[in-house]
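The values are calculated or read from the model by the stated rules, or taken from the named source; none is laboratory data. Quick caveat, the model's predicted, so the values are computed rather than measured. Here the Cβ is made from the backbone with ideal geometry for all residues, glycine too, and neighbour counts use every protein chain on show. When the accessible area is computed, the model is the full protein with side chains, heavy atoms only, and any ligands, DNA or RNA have been set aside. Shrake-Rupley method; radii C 1.70, N 1.55, O 1.52, S 1.80 Å.
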Amino acid sequence: MLRVPRGLAGAAFLKLAFAARTMAGEPTVLLPELRSLLASGRAQLIDVRSREEAAAGTIPGALNIPVSELETALQMEPAAFKALYSTEKPKLEDENLIFFCQRGKRGFQATQLALGLGYKGARNYKGAYSEWFQKEG
C-alpha cells in the first residue's frame, strides 16, 4: 500500500499523482463515440469557448459556459445554475459530461477542473469544435 505524506508534502504528492494519472490516461471522447452519445441523448455537452466563439457556431445541443466562468458555475446551487443557464446543473455522478473548445486546450483544462471538483464522468472531446466543424459542420 502506498503511504501518502501528511501536510503540505502530502498535498503536493497528491497533486503530482493526479497530474501524472490524467496525463497518462486523459479522460477523452473521440468523434465516433461522441456521435453515438449525442444520438442516444446520453451526453451533456459544454462548450467552454467564449460567448463570441460559440455564437459563431457550436455543436448542436451544447451549453456554452466559458472556461473563465466554469469553476463558479459548477459550484453554484442547482437553482442558481438553472436560472443562469436555463438547464439543470450537472450532477457529480453524471456520466458523459463532455467539454470542448476550439482545439482542445481549454476543453482539457475544463475537464481537469471538473474532475478536481468531483465530477466523475467529465471528459474532453479531444477533436474539439475544429474537428466537428470539419467533419460534421
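Tabulated data
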{"item": "Among 92-98, 126-132, the order from most to least packed when residues are scored by Cβ within 10 Å on average", "result": "126-132, 92-98"}
{"item": "Two-site FRET efficiency, MET76 against ARG42, from Cβ-Cβ distance with R₀ of 22 Å, rounded to 0.05", "result": "0.40"}
{"item": "Average accessible area per residue (Å²) across the range 28-136 - probe 1.4 Å, nucleic acids and ligands excluded", "result": "53 Å²"}
{"item": "Heavy-atom accessible surface of the range 21-71: percent carbon and sulfur, 1.4 Å", "result": "55 percent"}
{"item": "Rounded to the nearest 10 Å², the accessible area of THR28 at probe 1.4 Å", "result": "40 Å²"}
{"item": "Rough spin-label spacing in nm, given labels placed 7 Å along Cα→Cβ, for ALA56 and GLU95", "result": "3.6 nm"}
{"item": "Built amide H within the under 5 Å cut-off of LEU45, gap 5+", "result": "LEU63, ILE98"}
{"item": "Kirkwood Rh (inverse of mean 1/r, distinct Cα pairs), the range 28-136, angstrom", "result": "13.6 Å"}
